[in-house]
Amino acid sequence: MTDYYEILGVERDATPEQIKKAYRKMARTLHPDVAGAEGEEKFKDVARAYEVLSNREKREQYDMGVDPTAPGGSAGGGYGQGFGFQDIFETFFGGGGQAAGPVPRARRGQDALVRMDIDLVEATFGVKRELQVDTAVVCGTCGGNGCRPGTDVRTCDVCHGRGNVQRVARSFLGQVMTTAPCAACQGFGTVIPEPCAECSGDGRVRSRRTLTVNVPAGVDTGTRIKLSAQGEVGPGGGPAGDLYVEIREKPHDVFVRRGDDLHCTLDVPMTAAALGTVLELATLDGAQEIDLRPGTQPGQIVTLKGLGVGHLHGTGRGDLNVHVEVQVPTALDDEQSELLRRLAVLRDEERPEPRLAAAHPGVFSRLKDKFSGR
Ligand SMILES: [Zn+2]
Ligand SMILES: [Zn+2]
């Protein structure tokens, strides 16, 4: 069994105070920055010895001939296993993945986001659009490794390729070892002795590229189209990130979009609404006939099935809803006034009874709901 008293250089009847003092002294001299990699190994032993001897229960156990840090054994059972060697090691060395080793030079590039303005016609039917992007591409001179052609990276002299260095910091625990990325190599473990002149060692250069973006039917403001691996390439020749194209749809002069349905308002003269008529309406699909029945009411909606925006997911399209507005004539001449007066007589409407409509949600609020909410 490892002699923890011997490792710390204390007597078997040493007081907790003496043990702590001995440990601090050793931690100072065994610091890897002072003693190198060999010191790190010794420090682990010292830390383990201290872990056992500074804990009353573990020390008792150890004195009875059981090593509480022995792996897999039941020795530590019930004796505060929650604070094992691994814990103390990580406490002293900073823990986490950082201590695991050097950071690879090649890293994935960042994702990028570009905006694209489209109009309603493009959103309805989809469109192919060219897009210019300023982005980073792999440096053609060094192929991404950042070294001048004919040279190569070199192991860092300061951290010897580990990518990090240990430091002693003072804390309430006494001297504490912390790990920090090596400043000489930025944690890579290697340095570039002769950087590539083209990319200054970054392994990538800026470039303007033209991409063709397939904008599918049904996109809307806020829709993001993902172009895999079309973002910037990573430093050190790392893989490219993704490029996201965010759609912004410009409002249309005539048609209002709600989901995949379109709405428009059609002004119809009073006489046409009363008598019925067939109109030609300029839709996104070209001229379409609209059949207005005799007696068409203000606010009535004529639905043209399948003339809305294409569904982004799945097939088919939304509808085009034509809201009828009945125009009441103003500035009537004498003859027109006379005609309408005769009509009023015929329909017994010269002195109409005041008829208040019931307060149910009528055409007006239906329309308002349709346009305000979704
Ligand atoms: Zn280069
Ligand atoms: Zn280094």
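Among the residues of region 127-171 satisfying the criterion of being buried (at least 18 other Cβ atoms within 10 Å of the Cβ) and of a type in the set (S, T, N, Q), which is nearest to E41 (Cα to Cα)?
Q166
Is there any pair with a first residue in region 243-259 that is more than 12 Å from G222 (Cβ to Cβ) and small (G, A, S) and a second that is at pLDDT 95 or above and crowded, with 19+ Cβ neighbours inside 10 Å whose Cβ atoms are under 7 Å apart and which are 6 or more apart or on different chains, and what are they?
Listed by first residue and then by second, the contacts come to G259/G318.
Are there any pairs with C-beta distances below 8 angstrom linking a residue in region 198-224 that is under 28 Å from L120 (Cα atoms) and among the aromatic types (F, W, Y) to a residue that is at pLDDT 95 or above and within 12 Å of ligand 1 (Cβ to nearest atom), with the two at least 6 apart or on different chains, and if so which?
Here the result reads none, with nothing in region 198-224 linked to a residue that is at pLDDT 95 or above and within 12 Å of ligand 1 (Cβ to nearest atom).
Of everything in region 154-174, what is within 16 Å of ligand 2 (Cβ to nearest atom), out of contact with any His (no Cβ under 9 Å at 6 or more places or on another chain), not charged (D, E, K, R) and not in a loop (DSSP other than H, G, I, E, B)? Give them in sequence order. Give the steps one after another, and end with the answer.
Filtering region 154-174 down to residues within 16 Å of ligand 2 (Cβ to nearest atom) leaves 154-167.
Narrowing the set further to residues that are out of contact with any His (no Cβ under 9 Å at 6 or more places or on another chain) leaves 154-165.
With not charged (D, E, K, R) added as a condition, the list becomes 155-156, 158-161, 163-165.
Within region 154-174, T155, N164, V165 qualify.
Residues are listed down the side, and each one gets a yes or a no for (1) open to solvent by 60 Å² or more (accessible area, probe 1.4 Å); (2) part of a loop (DSSP other than H, G, I, E, B); (3) hydrophobic (A, V, I, L, M, F, W, C); (4) at pLDDT 95 or above:
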residue: V176; (1), (2), (3), (4): no, no, yes, no
residue: Q186; (1), (2), (3), (4): yes, yes, no, no
residue: R206; (1), (2), (3), (4): yes, no, no, no
residue: T210; (1), (2), (3), (4): yes, no, no, no
residue: P239; (1), (2), (3), (4): yes, yes, no, no
residue: R248; (1), (2), (3), (4): yes, no, no, yes
residue: L266; (1), (2), (3), (4): no, no, yes, yes
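Select from region 41-69 the residues that are small (G, A, S) and at pLDDT 85 or above and write down the one among them that is surrounded by the most Cβ atoms within 10 Å (Cβ to Cβ). If you could, list the steps in order and put the result at the bottom.
Taking region 41-69 and keeping what is small (G, A, S), we get 47, 49, 54, 65.
Checking the rest, the ones that are also at pLDDT 85 or above come to 47, 49, 54.
On the way: A47: 21, A49: 25, S54: 15.
Within region 41-69, the match that is surrounded by the most Cβ atoms within 10 Å (Cβ to Cβ) is A49.
Can you tell me how many residues within region 120-147 are among the charged types (D, E, K, R), at pLDDT below 95 and out of contact with any Ser or Thr (no Cβ under 8 Å at 6 or more places or on another chain)?
Counting residues in region 120-147 that are among the charged types (D, E, K, R), at pLDDT below 95 and out of contact with any Ser or Thr (no Cβ under 8 Å at 6 or more places or on another chain) gives 0.
The values are calculated or read from the model by the stated rules, or taken from the named source; none is laboratory data. Quick caveat: nothing in here was measured; it's all calculated off a predicted structure. Neighbour counts are summed over all protein chains in view; Cβ atoms, including those assigned to glycine, are modelled from backbone coordinates with ideal geometry. Note: accessible area is taken over every heavy atom of the protein model, side chains too, but ligands, DNA and RNA are not part of it. Shrake-Rupley method; radii C 1.70, N 1.55, O 1.52, S 1.80 Å.
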